[in-house]
Structures are given as C-alpha cells and as structure tokens.
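Please read through the structure below; I'll follow up with questions.
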Amino acid sequence: MCGLKYIKTMVIVLMIIVGVFFGYQAFAENNNKNNKSKEDISNFLTEHTDLQFVFLLPVIDEQVKLKITIPKSFKALEGDPNAPLLEFIPKTDQDPYKWSEIITLNKILGSGVTAPDYMQKMEALYLKSTDPNAKIVESNKHIYENFQDASSIIQYRSNGRDEVVMLYSVSGPMDIANVQYALPLSSPQALNDTVQKLKDFMKSNVEIVRQ
C-alpha cells in the first residue's frame, strides 16, 4: 500500500504466488434497488458517491463474512465493484498518488491460503520491496473454531514519504478476505498516534459477521 502503483504490484505478485483469481461482491445502500440491477456497474462506485458502500467479503460461504464499511467521506478510485482491487481515498484528496488516507480491499477465493500465511507473505513483500528501514510495528494472529485471522502494522517509506499501514485478513477453509488502511507518518514522534488511528479505523469500520 505504499503508493497506488506499489499496492497494485504487491497484490498482483501475491496473486501469482497463490495462483488464484480475485473477485468481489459489493453491496451498497440504495433506495432504488429495483433500478440498481439495470445499471451498468462498471462505473457504479464512482457514479454513486452519495451512497454508503458496505462490502461483504466471503470467509466461509454464507456463514462467515468480513464486513467493511467505507466512510461516506471517501471516494472510490475504481468504478467497477467487481474489480480485482478496490481502493478508496478521501473525497477531498485531489491527487490519488498523494493520498492522505487509503483503504484497499481484495479477496482470494478457493486457494486455501490461511490468514497467517497471507500476512507473512505481505510482510515479506513490504520489507523486501520498500526502503531498508521498513519495519513491522505489531503483528498478531488468532485461530478460532472454524476460521483464522491475522493483522500487521508496518512502517515504511514510499516516494520520499513515511507511511504506516495496517493489514487485516480473515480466512476460512478455502477463502480469504483482506483489508488494508494506510496513513502518512508526519514525524517519528507521531508513530504511536498514527498506529492508534489505524486501530480505531479498523475497530469502527471492519467486523466479522456470522450468520
């Protein structure tokens, strides 16, 4: 997630590693549900900036899903909810390559890759592909009865700017859902506050839904 081009490159590399294709199921609150199905969805996200978008990424079929709520103050950088990678930045950001915040979503279906394994690969990509001072600030993983999750907070430098990202993944027997949220780091002294903002965002906008 260190710059849009780098984010996409990392996900493509990881996609090759696990050998699967990405897909999406996006759900948005829309008062005109009957007309929604008739729309060309290729530009749905960018044409409906007034909506509150909520994504439900499968973890275990219909039993467990990762729910991500995109704040209404954010705009999509891709219009198609079925794009292999979805990114959102604040509506006030003019340059997508100089974002003040960025949310990234993807899911991998049918691979059987676990959240801890995926997180380990992502950490390795960040540490290998960014500056030599990149470091893992925090890393956690949990094993539950029928799914696993893993998270990591990484500090790195991209395009001359210090940034911090929090990655969170949830996996079932076959599918894995992933969300990332990144912020620029204004100074080394601001690291703790920046990390707390990342955690607060995840707590407020990301949850595991069981049905």
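The values are calculated or read from the model by the stated rules, or taken from the named source; none is laboratory data. Nothing here was measured: the structure is a model prediction, and the numbers come from that model. Using ideal geometry, Cβ is built from the backbone for each residue, glycine included, and neighbour counts are taken over all protein chains shown.
Just a yes or no: is a residue in the range 107-114 within 25 Å of Ser42 (Cα to Cα) and not in a loop (DSSP other than H, G, I, E, B)?
Among the residues of the range 107-114, at least one is within 25 Å of Ser42 (Cα to Cα) and not in a loop (DSSP other than H, G, I, E, B), which makes the answer yes.
Sticking with this one: Just for the range 144-182: of the residues that are of a type in the set (Ser, Thr, Tyr) and under 21 Å from Ile108 (Cα atoms), which one is modelled with the lowest pLDDT?
By that ranking, first place goes to Tyr144.
Suppose we filter Val195, Val164 for residues that are surrounded by fewer than 19 Cβ atoms within 10 Å (Cβ to Cβ) and not small (Gly, Ala, Ser); which single one remains?
Val195
A quick yes/no check of all residues on (1) within 24 Å of Val64 (Cβ to Cβ); (2) surrounded by fewer than 19 Cβ atoms within 10 Å (Cβ to Cβ):
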| site | (1), (2) |
| --- | --- |
| Ser129 | no, yes |
| Lys135 | no, yes |
| Ala150 | yes, no |
| Tyr168 | yes, no |
| Pro188 | no, yes |
| Lys199 | yes, yes |
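Another question, then. Which one of these is of a type in the set (D, E, K, R), outside any loop (DSSP other than H, G, I, E, B) and at pLDDT 95 or above: Lys128, Lys141?
Lys141
Yes/no matrix, rows are residues, columns are (1) assigned to a loop (DSSP other than H, G, I, E, B); (2) surrounded by 14 or more Cβ atoms within 10 Å (Cβ to Cβ); (3) modelled with pLDDT of 95 or more:
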| site | (1), (2), (3) |
| --- | --- |
| Leu14 | no, yes, no |
| Asn30 | yes, yes, no |
| Val59 | no, yes, yes |
| Leu66 | no, yes, yes |
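Could you identify the single residue in Ile176, Ile143 that is closer than 17 Å to Val113 by Cα and free of Cβ contacts under 8 Å to residues at least 60 places away in the same chain?
Ile143 is the lone residue from the list that is closer than 17 Å to Val113 by Cα and free of Cβ contacts under 8 Å to residues at least 60 places away in the same chain.
How many residues are in contact (Cβ under 8 Å) with a residue 40 or more places away in the chain, in a loop (DSSP other than H, G, I, E, B) and farther than 13 Å from Ile208 by Cβ when one looks only at the range 146-173?
Residues that pass the stated criteria total 2.
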